[in-house]
Every structure is written in C-alpha cells, then in structure tokens.
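Let me begin by presenting the structure, written as structure tokens, before commenting on it.
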Ligand SMILES: NC(=O)c1ccc[n+]([C@@H]2O[C@H](COP(=O)([O-])OP(=O)(O)OC[C@H]3O[C@@H](n4cnc5c(N)ncnc54)[C@H](O)[C@@H]3O)[C@@H](O)[C@H]2O)c1
C-alpha cells in the first residue's frame with residue numbers, strides 16, 4: 001500500500017482567521033503537538049506548535065488576533081501523487097523529522113489540504129522511534145526540581161520520555177541533579193523565582209509547568225517568614241499568571257495535606273481547611289489564587305501531598321519517617337513526641353508517580369481540580385509509625401515523650417486520586433525505613449545530622 005492512504009490520522013485544522021487563543025484551546029483539547037493552518041480557501045499554509053505561538057505572544061502578539069498573522073507558508077508538504085514516489089516522500093519526511101515535526105501534510109493538485117500522514121509511515125521501518133510525548137506535552141519545567149521531591153520527579157519524567165528543564169536556586173546544593181545535568185539529560189536554569197525575568201526565561205518553550213519550589217515545612221517558614229511569603233505566595237502567583245498569559249495550560253501545583261491542620265473523620269478535598277502554620281497558610285492562599293486564574297486556556301491542578309518519606313538524591317531528615325529511621329541508626333532508639341496525632345504519609349516515589357500520571361491525563365479530567373495525594377492505609381498515628389519502623393529495623397527501642405510541638409492532626413480520603421487518575425501508592429514505610437537504614441549503614445550518607453538535610457537551616461553545604 002502507498003503510505004498515507006491508511007487509517008485516519010488527525011491534527012487539529014484551523015483556518016487562518018481563527019483567533020490565536022482558539023487555536024491553543026484546540027491543541028490542548030486534541031493533545032496534539034501541532035495544528036494545521038489552512039487559508040480561507042482551504043489551501044495548506046503550515047503546521048504550528050503551541051511554543052511557536054507562545055514565542056509570538058512574548059513579543060507582543062494579541063491572543064485574540066488571527067493565527068494567520070503569524071502563520072508563514074511552509075514548503076514542506078507532499079502533493080498527493082508524490083506519495084507514490086519513495087524518494088520524494090522520504091526526502092520530505094527526513095526534513096520534517098529533523099525540524100521536529102511528526103506529521104506531513106498532503107495536498108491536492110490545487111494546494112488544498114487533504115490530510116496528514118505520520119513521518120514514520122513515510123519513512124517506513126527505517127524511520128526510527130518517534131520522540132515521546134504524552135497528551136501533547138513534551139518539555140516540562142520543574143520549578144524546585146533540585147529539591148527532595150523534585151530530584152525524584154525529574155528522574156521519573158526523564159524515564160517517561162519527557163524533556164525536562166529545572167529552575168531552582170539550589171538552597172540545598174546542586175548534588176541531587178549533578179549527574180543528570182552534567183550528562184546533558186536535563187536543562188538547568190539557575191535562578192530565583194522571586195525574579196520576574198527568571199520566571200519568563202524559565203517558561204520559554206515549555207508545554208507544562210510543575211511548581212514545587214517553596215520554603216517547605218513549618219520550621220523553615222517560621223525561620224524565614226518574609227522569604228516564605230515572597231516564595232510560596234507572591235512568586236507562585238506570578239508564575240501562574242505568567243503561564244496563563246503565555247497560554248501554558250498545564251500547571252501542576254504541589255500543595256500539602258497540612259492545609260487541613262486539624263480535623264475529624266476522613267477529610268476530602270471539600271473539607272474545611274484549618275492551617276496551623278504560616279507554611280500551610282501560604283499554601284492555601286496560593287492554591288486559591290492559582291485556581292482563581294483558571295479559564296479556557298489555563299487549567300491548573302492542585303496536588304495536596306501527604307507527608308513524604310523515602311530516599312531521594314536530595315535527602316531530608318526533617319520528615320517524620322526519615323527522622324525516625326535516621327535516629328534508629330544514630331541513637332539506636334526512636335523518640336516519639338506525643339504519638340496520638342494522625343498524619344497521612346506518602347512515599348516520595350509514589351508522589352512523583354502521581355505528578356507524571358496527572359501530566360498524561362486528559363486536561364478535562366484534571367484541569368481546575370484539587371487532588372489529595374496518598375492512600376487511606378497510610379493515615380497513621382505517629383506512635384504507629386514508630387512501631388512500624390522499629391519492627392522493620394529489627395526491634396529498635398521506642399522512647400515515648402509526652403509533649404509535642406506539632407499541632408497537626410488529621411486523616412485524609414484519597415478516593416478522587418484513585419477514581420480519576422487511577423493512582424494507588426504502592427511503597428511502604430517499612431520498605432523506606434530499611435532503605436534509609438541501609439544507606440546510612442553503607443556510608444552513602446556519612447553525616448545525616450549535617451545541616452543540609454534539615455530545611456530550616458537553609459544551608460547548601462554538602463557533605
Ligand atoms: N516533603 C513533604 O513532605 C511535602 C509534603 C507536602 C507537600 N510538599 C510540597 O512539595 C514541594 C517540594 O517539597 P520538597 O520536600 O521537595 O522541598 P525541598 O525544600 O526539598 O525543595 C524545594 C526546592 O525549591 C527550591 N526553591 C526554594 N525557593 C526557591 C526560589 N525562591 N527560587 C527557586 N527555587 C527555590 C529549593 O532550592 C529546593 O530545591 C513543596 O511545594 C512542598 O510544599 C512537600
């Protein structure tokens with residue numbers, strides 16, 4: 001069979017008088033990386049990607065102007081009879097692929113657009129694999145990608161075939177990403193999100209944004225309240241606003257189950273919020289201002305994560321499970337303060353999987369939505385966490401102290417995460433405790449009490 005005559009392949013097709021903002025919407029709905037632009041008489045003009053459009057927006061293009069105002073006629077297409085000519089179709093497909101196109105337009109004798117054909121099909125079996133792209137998303141900007149969750153997420157995204165850019169100011173050092181950055185497998189922008197120019201250059205040519213960067217944790221936000229408000233609230237708002245004006249529709253915001261603070265029963269995404277710290281208050285305020293920006297071309301998703309645990313290339317020992325496993329090694333005992341408080345836990349690798357699933361999900365399912373991320377089975381009382389870790393590590397003694405400084409106490413429902421995204425966390429506290437202990441025993445982390453492992457020191461001095 002002559003290639004290009006098989007089953008229907010579609011890209012969105014837009015007339016040149018279609019407003020730019022409408023073209024972006026069609027691209028988002030289709031999940032395709034390019035739209036075909038045709039003249040009012042249906043003649044083929046070119047294919048255009050969201051990033052090409054965004055570059056024009058950044059130089060002043062009005063989002064309501066017709067797409068024809070920036071669509072330049074492309075010479076790279078095939079006339080119908082040329083499909084039967086292997087050399088010609090191969091030459092065009094090779095050029096298109098080299099320029100990053102996945103499809104070739106086919107036109108009739110009068111230049112009218114007929115359909116698109118995958119370049120792969122035109123090249124035959126020798127064409128090699130297509131670049132990976134889920135839901136039209138190819139390049140993801142991970143803001144705060146050098147952090148505890150970020151370093152794990154970046155590796156997961158690369159494994160899933162995404163191109164990744166990290167924007168971070170490396171408060172806790174560069175070690176976590178050094179290997180990936182040096183080998184060129186990720187792009188790194190070194191900068192502070194409290195700077196507008198940094199935000200704008202970080203957003204260039206990305207299809208989706210994951211915002212993790214923050215002053216994270218109650219003690220850290222208490223130590224630096226102004227930096228917390230600037231970063232967690234004001235910079236987060238500026239980034240969301242910049243995404244909306246750049247028509248970057250997919251925006252995942254890392255929030256926290258700490259927004260629930262204290263509450264009875266299983267708390268859902270609709271439950272009342274009762275923050276008990278500046279950290280949680282800034283997270284709520286930014287959730288609200290990000291969701292308020294949602295419209296047809298900005299579809300943010302809020303992921304409220306349980307308390308994370310497990311090994312990461314940027315390790316933290318100020319998170320309950322990690323602290324207990326580390327203390328079991330250093331002190332040969334686990335100290336518990338209070339113990340009756342409930343807390344939802346989540347392995348850092350499961351958290352990263354939830355972000356990847358969300359990026360690949362149809363926008364209609366996740367845009368404008370809030371998800372609790374975790375699992376009901378891992379709603380634990382602090383004393384129970386200590387017991388699990390002690391048992392996993394062969395019976396380390398537990399020292400119970402009456403007082404606690406941490407007022408958080410809540411249990412959370414994760415039904416929406418399962419029903420909509422099909423994500424069920426699979427890693428356990430016992431498994432993570434053993435991994436952490438083995439890592440300390442093996443000497444991979446030599447000094448777990450170093451300040452770099454505790455957020456509130458804001459120290460980048462690596463071991
Ligand atoms: N760790 C948890 O238990 C947990 C739980 C719920 C939610 N979260 C959320 O997940 C996200 C990531 O948390 P984490 O544990 O990886 O924290 P982390 O402190 O390890 O990582 C935060 C990263 O953001 C960067 N950053 C901070 N301020 C910045 C700025 N002004 N400009 C550029 N980069 C900046 C830091 O350098 C760091 O690499 C946060 O938004 C946090 O609120 C974490």
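The values are calculated or read from the model by the stated rules, or taken from the named source; none is laboratory data. Note that the structure is a prediction, hence the values are computed from the model and not measured. Here the Cβ is made from the backbone with ideal geometry for all residues, glycine too, and neighbour counts use every protein chain on show.
None of 316, 281 is surrounded by 20 or more Cβ atoms within 10 Å (Cβ to Cβ), more than 19 Å from the chain's Cα centre (by Cα), part of a loop (DSSP other than H, G, I, E, B) and modelled with pLDDT of 95 or more except 316.
Residue count for region 84-101, restricted to those that are in contact with a helix residue (DSSP H, G or I) (Cβ under 6 Å, 6 or more places away or on another chain) and in contact (Cβ under 8 Å) with a residue 60 or more places away in the chain: 1. In region 182-191, which residues are away from the ligand (no atom under 13 Å from the Cβ) and surrounded by fewer than 18 Cβ atoms within 10 Å (Cβ to Cβ)? Once the filter is applied, which keeps residues that are away from the ligand (no atom under 13 Å from the Cβ) and surrounded by fewer than 18 Cβ atoms within 10 Å (Cβ to Cβ), region 182-191 yields 182, 183, 184, 185, 187.
The rows are residues; the columns are (1) exposed (fewer than 14 other Cβ atoms within 10 Å of the Cβ); (2) at pLDDT 95 or above; (3) more than 24 Å from residue 344 (Cα to Cα).
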| position | (1), (2), (3) |
| --- | --- |
| 385 | no, yes, no |
| 398 | no, yes, no |
| 410 | no, no, no |
| 452 | no, yes, yes |
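State whether the residues of region 361-372 include one that is closer than 21 Å to residue 309 by Cβ and either without any contact (Cβ under 8 Å) to a residue 40 or more places away in the chain or away from the ligand (no atom under 12 Å from the Cβ) (or both). Within region 361-372, one or more residues are closer than 21 Å to residue 309 by Cβ and either without any contact (Cβ under 8 Å) to a residue 40 or more places away in the chain or away from the ligand (no atom under 12 Å from the Cβ) (or both). Inspect all residues belonging to region 333-340 and state whether any of them is out of contact with any helix residue (DSSP H, G or I) (no Cβ under 8 Å at 6 or more places or on another chain) and assigned by TED's automatic domain parsing to the domain that holds residue 280. For region 333-340, residues out of contact with any helix residue (DSSP H, G or I) (no Cβ under 8 Å at 6 or more places or on another chain) and assigned by TED's automatic domain parsing to the domain that holds residue 280: absent.
For region 426-450, the tally of residues that are exposed (fewer than 13 other Cβ atoms within 10 Å of the Cβ), in contact with a helix residue (DSSP H, G or I) (Cβ under 8 Å, 6 or more places away or on another chain) and not in a helix (DSSP H, G or I) stands at 2.
Right, residue 233: within 12 Å of the ligand (Cβ to nearest atom), at pLDDT 95 or above, farther than 18 Å from residue 408 by Cβ and within 16 Å of the chain's Cα centre (by Cα) or not? Here the answer is no, as residue 233 does not meet what is asked. Here is the figure for region 154-178: residues that are within 16 Å of the ligand (Cβ to nearest atom) and outside any loop (DSSP other than H, G, I, E, B) total 13.
Taking the numbered list (1) near the ligand (Cβ under 10 Å from one of its atoms); (2) under 20 Å from the mean Cα position of the chain (by Cα); (3) outside any loop (DSSP other than H, G, I, E, B) in turn, residue 301 passes all entries but (1). Here region 237-262 is the region considered, the condition is being on the phi < 0 side of the Ramachandran plot and either within 9 Å of the ligand (Cβ to nearest atom) or over 21 Å from the mean Cα position of the chain (by Cα) (or both), and the residue that is modelled with the lowest pLDDT is 262.
Listed conditions (1) away from the ligand (no atom under 14 Å from the Cβ); (2) within 30 Å of residue 19 (Cα to Cα); (3) free of Cβ contacts under 8 Å to residues at least 40 places away in the same chain are all met by residue 271, apart from (2). Of everything listed in (1) crowded, with 19+ Cβ neighbours inside 10 Å; (2) within 16 Å of the ligand (Cβ to nearest atom); (3) farther than 30 Å from residue 297 by Cβ; (4) in contact (Cβ under 8 Å) with a residue 12 or more places away in the chain, the single unmet condition for residue 323 is (4). Checking each residue in region 356-383 for being more than 12 Å from residue 346 (Cα to Cα), out of contact with any helix residue (DSSP H, G or I) (no Cβ under 9 Å at 6 or more places or on another chain) and in a helix (DSSP H, G or I) picks out 360, 383.
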